[in-house]
Structure formats: C-alpha cells, structure tokens
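Student: Have a look at this one.
The values are calculated or read from the model by the stated rules, or taken from the named source; none is laboratory data. This structure is a prediction, so every number in the text was calculated from the model and none was measured. With ideal geometry, Cβ positions are generated from the backbone for all residues, glycine too; neighbour counts draw on all protein chains shown.
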Amino acid sequence: MSNQLKRSGTSIGANLAESLYASSRADFTNKVQISLKECAETIYWLDLLYDTDYLSEEMYDSIMNDCAKLLRLLTSSAKTSHKNADIVKKLK
C-alpha cells in the first residue's frame, strides 16, 4: 500500500511537470486531469493506510491537509483550463 501511495503521489508532480511542456491546450488540460486523478488516488491510499494503522493520526492529518489543498488547486486549474478551451472554440 505504501508503494502505491508513493507511486500516485509522485505521479502528481510528474504530470504537472509534463504539462509545462504540453504540445497543445488539450495536452495541457489532459496532464492536469491526470494529476487530479492521481491526487484522488493518493487520498484513497492515505485513507487506507490510516484505517489499517500504518499511519499515525498526526502524520495522516498533515499529509491529508496537503493533499486536500492540492486537490482544490488541481480542480480549479482543470476547470479553468476547460473553460479557456471552450472560449477558444467559440472564437474559431
């Protein structure tokens, strides 16, 4: 479980790093969406690790707080990206 947490958690940053060099708006939006999904998966693994007593409450609360902030940021970025893509389509 902890390996899955590591994989999903590091995938968030890796996909965001890729988004900086996206080949198109759609590619950028896709990378942000993937990061959002990976963040949701990370929260799942955190919950599971906490529920099975692998994480202390203090550690869980600290990491979950960071994940929740990141989830809000990614959700906002994804919505903005979709909105901007819709505006560009209307202008064409």
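Student: Quick check: anything in region 20-30 out of contact with any Gly (no Cβ under 9 Å at 6 or more places or on another chain), in a helix (DSSP H, G or I), small (Gly, Ala, Ser) and more than 19 Å from residue 79 (Cα to Cα)?
Tutor: no
Student: At pLDDT 95 or above and surrounded by 11 or more Cβ atoms within 10 Å (Cβ to Cβ): is that true of residue 51 in this structure?
Tutor: When the stated conditions are applied, residue 51 does not pass them.
Matching residues to (1) within 18 Å of the chain's Cα centre (by Cα); (2) buried (at least 16 other Cβ atoms within 10 Å of the Cβ); (3) in a helix (DSSP H, G or I); (4) at pLDDT below 95:
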| position | (1), (2), (3), (4) |
| --- | --- |
| 9 | yes, yes, yes, yes |
| 33 | yes, yes, yes, yes |
| 45 | yes, yes, yes, no |
| 76 | yes, no, yes, yes |
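Student: If you scan region 15-31, which residues turn out to be surrounded by 15 or more Cβ atoms within 10 Å (Cβ to Cβ) and closer than 15 Å to residue 70 by Cβ?
Tutor: 15, 16, 19, 31
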